[in-house]
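Worksheet: the structure to be examined is printed underneath.
The values are calculated or read from the model by the stated rules, or taken from the named source; none is laboratory data. Keep in mind it's a predicted model, so treat the numbers as computed, not measured. Cβ sites come from the backbone with ideal geometry, for glycine too, and all protein chains shown count toward neighbours.
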Amino acid sequence: MNKVLNKSTHNLLKNTDISIQIQDDNKPLWSIETIQPIKQTKLDTYFWQGRIARDNTTKDETLNLGVGYRHLTPNKDWMYGVNLFYDRSNNDKHARTGLGLEALSPDTTLRANYYNSISGVKTISDIAGIKTTQEALDGYDVSVEIPIPNAPWVSINAKHFDYDNKDNDDIKGNTYSIRTNLDSNTEFEIGSTDDNYSDRQSFAKFSFKFGADNDIATAQNGKTVRNLNNHRLEKVRRNHSIVVSQKKTGSGGIAVGRRN
């Protein structure tokens, strides 16, 4: 009984990580995230993924829960995946669903995510005739991740995002980052995000994974080689934070902003 329990605990922790992300305001975002298999065959993987995070900038917690499927081609040159997520913030009860697609080759990763708001407009405050409301936004992002030749444990990431703001211009921008595996347990990422609503914001993220089985790619003749079979339970990468627009109405007119 103890052996079974110990094995189950080991398998759970093996695919679980804790992360801390620091941004320009020096207020950290903490998270714990896990991805676990539901069923695996020689080429197919069904899984679920869960995450809970605390953002000290917004002073809110976010819960993310998803399921997914990945298929490894027989020659193991490509792996394709699809996933569905439900996201919910704790304080103001913003909620949305998400659909993601991914394609992995030995040297490139492509991702696309769509986010669909389902919580409507929330009244945050109504004081002295000034009413503040927030609404989670629909949106999408697309990204590409490519390892650096001759240093395949380091990857360059580029992402474009677009969120539908009903009361003003859409929120559009890009995120660029460099991610590296320091060893089989630890990952470090540094980058910046820029959009049409705010100044460029830099960030640094450190993740520690329980269980030393991160696949670190190797280089052969200047080209990255990675075993896709080792990525069947790689966590889905998406924007887990719910993007929200904020509007104030009252004697001073209307002011529209955004927050993550």
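Summary of values
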item: Inter-residue pairs, beta-carbon under 6 Å, first closer than 20 Å to Thr57 by Cβ and among the β-branched types (Val, Ile, Thr) and in region 239-253, second in a loop (DSSP other than H, G, I, E, B) and at pLDDT below 90, 6+ apart; result: Val243/Asn260
item: Enumeration of residues in region 180-213 that are among the small types (Gly, Ala, Ser), out of contact with any Gly (no Cβ under 9 Å at 6 or more places or on another chain) and at pLDDT 95 or above; result: Gly191, Ser192, Ser207
item: Single residue of Asp107, Asp141 found to be in a strand (DSSP E or B) and either touching a strand residue (DSSP E or B) at 6+ places or on another chain (Cβ under 9 Å) or at pLDDT below 90 (or both); result: Asp141
item: Residue in region 54-75 that is among the hydroxyl-bearing types (Ser, Thr, Tyr) and farther than 24 Å from Asp92 by Cα present; result: yes
item: Every pair of residues 6+ apart whose Cβ atoms lie under 6 Å, when the first sits in region 119-135 and is loosely packed, with under 11 Cβ neighbours inside 10 Å while the second is in a strand (DSSP E or B) and at pLDDT below 80; result: Gly129/Gly250
item: Given (1) crowded, with 16+ Cβ neighbours inside 10 Å; (2) within 15 Å of Asn239 (Cα to Cα); (3) among the aliphatic types (A, V, I, L, M), index of the condition Leu104 fails; result: (2)
item: Within region 214-243, considering residues that are out of contact with any Ser or Thr (no Cβ under 8 Å at 6 or more places or on another chain) and assigned to a strand (DSSP E or B), the one modelled with the lowest pLDDT; result: Ala219
item: Residue selected from region 180-195 under the condition under 17 Å from Ala151 (Cα atoms) and among the polar types (S, T, N, Q), by the criterion surrounded by the most Cβ atoms within 10 Å (Cβ to Cβ); result: Asn181
